[in-house]
Amino acid sequence: MGEIKYKRILLKLSGEALMGKQNFGIDGDVVKFIASEVKEAYEMGVQIGIVVGGGNIFRGVSESAKGMDRVSADYMGMLATVINSLALQNALENLGVPTRVQTAIEMRQVAEPFIRRRAIRHLEKGRVVIFGAGTGNPYFTTDTAATLRASEINADVVLKATKVDGVYDADPVKYKDAVKFDAITYLEVLNKGLKVMDSTAISMCMDNEIPIIVFDLFGKGNLKNILLGKKIGTLVEGKHD
C-alpha cells in the first residue's frame, strides 16, 4: 500500500444516495456497500468523520414541505439525518467498525450530543464519528454542516460523495457534451454557480483552506484510492496548476 495522503477526512454523503434506485427511504444493500467502502478507509488507519443528509426521507425545501413553516420543515430534515446516521452506524458496526453518532440536537437515548473535544478524542481512538442533525440550526444545509464539522475537527479534506464522477460545467445527465473539471478553484465554483456545495459551504472551506474532492460514491475502491493520492473526481481548492 502506498503512502496515505489524507490522515483525517470528513466524508459527506447525500441522503438521496442511501435510497439507491428507490424513490424514498433507505436501501439496505446500498448502505452495506457504503459501509464496506468506509471500512476499507478505516483499515488504512485514516480518521473518519461523516455527515449524511436526509433528503431520502425529508427535505426542508422540498415539494412535501410546501406551505409548511420553513424552520419546522428544516428541523424535520435534521431529524431525518439522524435516522440515516443510525442506519449507517448499524451497517458499520456489523462490519466490526467502532462508531459513534453525535447530534447537534440533543437526543441522548440514541446518540451523544456534539462536543468537539469528544469527537476529536473518538477519532484519535480509532472510532468513526457520524455527525447527525446538521448544524442544529434551520436555514443551513448538511453541506454547510459538513464543512463546519470538517473545520472543527481539523480535517485534511472534505470528500463529497455523489452519483457522478466529479464537477462538470453543466448537468452531465441532461447535457451529454458537459465538460468535467479535474481541478477548479473555490472562486471559480462560486463565480460559475456550479452545483458542488452551497455557497456558504464553499466559502467556509475557502476561508479555512480545506480542499474538497467531489467523486463518484459508487465507484468501488474510489474512497481508498483518493486516500492514496490518486486523481479521482474533481479537486476544489484555492489554486490549481
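The values are calculated or read from the model by the stated rules, or taken from the named source; none is laboratory data. Given the structure is predicted, the values throughout are model-derived calculations rather than measurements. Every residue, glycine as well, gets a Cβ built from its backbone with ideal geometry; the counts of neighbours run over all protein chains shown.
The table below gives the values:
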item	result
Selection from the stretch 19-63 of residues that are part of a helix (DSSP H, G or I) and more than 17 Å from residue 91 (Cβ to Cβ)	63
Selected residue [over 15 Å from the mean Cα position of the chain (by Cα), farther than 26 Å from residue 43 by Cβ, of a type in the set (A, V, I, L, M, F, W, C) and modelled with pLDDT under 95] from 179, 196	179
Residue count for the stretch 179-191, restricted to those that are without any contact (Cβ under 8 Å) to a residue 24 or more places away in the chain and either in contact with a Lys or Arg (Cβ under 7 Å, 6 or more places away or on another chain) or exposed (fewer than 14 other Cβ atoms within 10 Å of the Cβ) (or both)	3
Subset of the stretch 1-33 that is closer than 20 Å to residue 164 by Cα and basic (Lys, Arg) - its residue that is surrounded by the fewest Cβ atoms within 10 Å (Cβ to Cβ)	21
Test: residue 125 is modelled with pLDDT of 95 or more, farther than 22 Å from residue 27 by Cα and not aliphatic (A, V, I, L, M)	yes
Residue match in the stretch 117-136 (condition: under 14 Å from residue 200 (Cβ atoms) and among the aliphatic types (A, V, I, L, M))	no
Of the criteria (1) within 20 Å of residue 6 (Cβ to Cβ); (2) among the basic types (Lys, Arg); (3) surrounded by fewer than 24 Cβ atoms within 10 Å (Cβ to Cβ), which one residue 100 fails	(1)
Tally of residues being in contact with a helix residue (DSSP H, G or I) (Cβ under 7 Å, 6 or more places away or on another chain) and either at pLDDT 95 or above or more than 14 Å from residue 167 (Cβ to Cβ) (or both) across the stretch 203-231	12
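Residues checked against (1) at pLDDT 95 or above; (2) of a type outside the set (A, V, I, L, M); (3) in contact with a Cys (Cβ under 6 Å, 6 or more places away or on another chain); (4) under 19 Å from residue 9 (Cα atoms):
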| position | (1), (2), (3), (4) |
| --- | --- |
| 63 | no, yes, no, no |
| 91 | yes, no, no, no |
| 111 | yes, no, no, no |
| 119 | yes, no, no, yes |
| 132 | yes, yes, no, yes |
| 139 | no, yes, no, no |
